[in-house]
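These notes are about the structure you will find just below.
The values are calculated or read from the model by the stated rules, or taken from the named source; none is laboratory data. Note that this is a predicted model, so its numbers are computed, not measured. Methodologically, a virtual Cβ is constructed for each residue, glycine included, from the backbone with ideal geometry; neighbour enumeration extends over all protein chains shown. The protein model used for the area step is the full one, side chains on, heavy atoms only, and it has no ligands, DNA or RNA in it. Shrake-Rupley method; radii C 1.70, N 1.55, O 1.52, S 1.80 Å.
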Amino acid sequence: MQISYPTSAFLIAFLCSLLSSLSGLIVRYPREPVEEMEGRVLSFKCRLEYKTEDCDISAKWWRVESDAISEPITDPNRFLITVNETKIDEQRHRDIVLTFNSLSIADRGSYQCTAKCLNTETVAKGHVLNLNVKADPHKGLKASAWSGKLKTDVTVLVLSIMLFVWYN
Ligand SMILES: *[C@@H]1O[C@H](CO)[C@@H](O)[C@H](O)[C@H]1NC(C)=O
């Protein structure tokens, strides 16, 4: 039997989609919104599960600006990104941990982890995670405590100059 060109193209496409569904790339992390105070350290962990022989993985955390726009997170001054991996039989678990060195109000927003299996082009996306950063109520107090100390230092300085003058 001769297989015509459209049929074989269809067959190949069908086999490819079958393969990608078998490669079983999974992205996992908690769904709950996260709330933390500014200045704190915070980590998001993205767990990938996949099969070694089917996948070379590329994975990233993104900041989601809108439905259409996401920015990959890369700034090494503000974020630390670590990756570690464990092999369990033929399965691999990989953790992509995004750490905010010091949270700021500007970090409020939505985040998402995505992974791509480079061999099959299969893409797995985690759900969108919402982060709320609360203002630190002691931030202003810390600043005034510091200026209070500055005032004391100046008083001590003035006092010691007066004493110096007095004794001479
Ligand atoms: C990565 O390292 C952390 C801390 O050592 C550990 O708890 C976690 O299970 C590791 N994850 C993987 C996928 O190896």
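The convex hull around the C-alpha trace of the range 28-137, projected and averaged over every direction, spans 7.3 square nanometres. So the label point goes 7 Å from the Cα of Asn130 along Cα→C-beta, right? Which residues of the range 24-44 then have their backbone N under 19 Å from it? 29-38, 44, by backbone N distance to the label point. Note on the range 28-137: lysine pairs with Cα distance below 19 Å, sequence gap of 8 or more or different chains, count 12. Full extension of the chain segment joining Asp67 with Glu90 gains 4.7 nm, where the gain is 0.36 nm per residue of separation less the Cα-Cα distance.
Measure off, as a whole percent, the carbon and sulfur share of the 1.4 Å-probe accessible area of the range 28-137, all protein chains present. With neighbouring chains kept in place, the figure for the range 28-137 is 48 percent. If R0 is taken as 25 Å, the Cβ-Cβ distance between Asn77 and Glu36 corresponds to a FRET efficiency of 0.85.
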